[in-house]
Amino acid sequence: MSANGSPTGQQPTATYDSAFLKACRREPVPHTPVWFMRQAGRSLPEYHKVREGIPMLESCVRPELVTEITLQPVRRHKVDAAVYFSDIVVPLRAIGIDLDIKPGVGPVVADPVRTRADLARLRDLTPEDVPYVTEAVGLLTRELGPTPLIGFAGAPFTLASYLVEGGPSRTYENAKAMMYGDPQLWADLLDCLADITAAFLKVQIEAGASAVQLFDSWAGALAPADYRHSAMPASAKVLEAVAGYGVPRIHFGVGTGELLRLMGEAGADVVGVDWRVPLDEAARRVGPGKALQGNLDPTVLFAGKEVVEAKTREVLDAAAGLEGHVFNLGHGVMPSTDPDALTRLAEFVHTETVR
């Protein structure tokens, strides 16, 4: 294990004492660190300029473009961490799944996974499948210096839901039908996706990512008992697979207030909290030994400077007793958000929390 907490020695030592990594480790910080989910992307005019005419999945496999997009919010907002620009379906595309991201719709799978025969279309992911990730992370860590880079991936439940539904869903009827009706097939699917997801995160960490976030965007569709039995084991497998690297592991879901303790138990060092549960209550639900991340409602940013500051103070007050706190929104930055509002928010949190 190197001095920076990485057994590979590849994590840049300059990031170890950053406010972000200190907060993730529940250590004293000079100020509350800030980053925003979806900070790299659609709310920034410079993003639209560099991506003009380039399909989403194509943009994810161009290392120099990924690097530029990932750096844009760090330059503009002075956030405490960058998040690797990609999409949760990139590893699925990399192993040959026929899918695309359709504007205004989201990921669409040409042939959904519905049977055991369909499961055979999934194979292990290797670093050779995603050389652009290794190259982009290398470029980024050199540019970022002491600013940490967060790697990310979609959690097995959310990936499975996309694969089974064939695209976004409000009811998850096909995914849940498999989960309830053929629990062994469902378990095998998630176990396979856990291996793919772990491999994808390992590539990012070994290339230099300082932390990782596992997004379980759709886990809020599950009751706690179903989450514990039918989703948590696969997420736990992913988080355990990267535990030896010594980098903080963040676990986030939307609408997961009833699942917070379980999401922490799955192996996260930091539990992401959406805007529906105050952070002091979230800490009670999660229990000791975890940092929390969150959790300003993204729509507050449309309400004006005074309201943003007042609502931000409420989040910071609720976080006052936490073992560790990373300030974030309770979900991703909305596309029509004024970028200047995000810049002001990052500066306000830094100013309000300076130690």
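Key figures for this structure:
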item: Residue in the range 114-135 that is over 30 Å from Gly255 (Cβ atoms) and in contact with an Asp or Glu (Cβ under 7 Å, 6 or more places away or on another chain) present; result: yes
item: Test result for Gly104, part of a loop (DSSP other than H, G, I, E, B), open to solvent by less than 10 Å² (accessible area, probe 1.4 Å) and at pLDDT below 95; result: no
item: Lone qualifier among Leu149, Leu139 - being closer than 30 Å to Ser18 by Cα, among the hydrophobic types (A, V, I, L, M, F, W, C) and surrounded by fewer than 24 Cβ atoms within 10 Å (Cβ to Cβ); result: Leu139
item: Qualifying residue in the range 64-86 (condition: in a loop (DSSP other than H, G, I, E, B), touching a helix residue (DSSP H, G or I) at 6+ places or on another chain (Cβ under 9 Å) and on the phi > 0 side of the Ramachandran plot); result: yes
item: The range 264-280, residues that are open to solvent by less than 50 Å² (accessible area, probe 1.4 Å), assigned to a helix (DSSP H, G or I) and more than 17 Å from Leu345 (Cβ to Cβ); result: Gly264
item: Candidate set from the range 289-313 (those that are open to solvent by 40 Å² or more (accessible area, probe 1.4 Å), over 23 Å from the mean Cα position of the chain (by Cα) and touching a residue at least 24 places away in the same chain (Cβ under 8 Å)); member that is farthest from Glu27 (Cα to Cα); result: Phe302
item: Subset of the range 201-211 [in a helix (DSSP H, G or I) and touching a Leu at 6+ places or on another chain (Cβ under 6 Å)]; result: none
item: Close pairs (9 angstrom Cβ cut-off, 6 or more residues apart or separate chains): on the phi > 0 side of the Ramachandran plot in the range 110-125, part of a loop (DSSP other than H, G, I, E, B) and modelled with pLDDT of 95 or more anywhere; result: none
item: Qualifying residue in the range 73-95 (condition: free of Cβ contacts under 8 Å to residues at least 60 places away in the same chain, in contact with a Pro (Cβ under 8 Å, 6 or more places away or on another chain) and surrounded by fewer than 22 Cβ atoms within 10 Å (Cβ to Cβ)); result: yes
item: Residues within the range 107-131 that are open to solvent by less than 30 Å² (accessible area, probe 1.4 Å), closer than 19 Å to Pro55 by Cβ and outside any loop (DSSP other than H, G, I, E, B), tallied; result: 2
item: Matching residues, the range 1-28, being open to solvent by less than 20 Å² (accessible area, probe 1.4 Å), at pLDDT 95 or above and part of a loop (DSSP other than H, G, I, E, B); result: Ser18
item: Count - residues of the range 316-355 that are in a helix (DSSP H, G or I) and either closer than 25 Å to Ala283 by Cβ or aliphatic (A, V, I, L, M) (or both); result: 13
item: Count of residues meeting criterion [in a helix (DSSP H, G or I), without any contact (Cβ under 8 Å) to a residue 24 or more places away in the chain and either open to solvent by less than 50 Å² (accessible area, probe 1.4 Å) or touching an Asp or Glu at 6+ places or on another chain (Cβ under 9 Å) (or both)] in the range 32-58; result: 1
item: Residue in the range 302-315 that is assigned to a helix (DSSP H, G or I), within 18 Å of Val34 (Cβ to Cβ), touching a strand residue (DSSP E or B) at 6+ places or on another chain (Cβ under 7 Å) and not aliphatic (A, V, I, L, M) present; result: yes
item: In the range 337-355, the residues that are touching a helix residue (DSSP H, G or I) at 6+ places or on another chain (Cβ under 8 Å) and exposed (fewer than 14 other Cβ atoms within 10 Å of the Cβ); result: Asp338
item: The range 69-94, residues that are under 14 Å from Val137 (Cβ atoms) and out of contact with any strand residue (DSSP E or B) (no Cβ under 8 Å at 6 or more places or on another chain); result: Ile69, Phe85, Val90
item: Residue match in the range 204-217 (condition: free of Cβ contacts under 8 Å to residues at least 40 places away in the same chain, open to solvent by 10 Å² or more (accessible area, probe 1.4 Å) and aromatic (Phe, Trp, Tyr)); result: no
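The values are calculated or read from the model by the stated rules, or taken from the named source; none is laboratory data. Being a predicted model, the structure only gives us computed values, none of them experimental. Note: ideal-geometry Cβ built from the backbone for every residue, glycine included; neighbour counts use all protein chains shown. Ligands, DNA and RNA are excluded from the accessible area calculation, which covers all protein heavy atoms including side chains. Shrake-Rupley method; radii C 1.70, N 1.55, O 1.52, S 1.80 Å.
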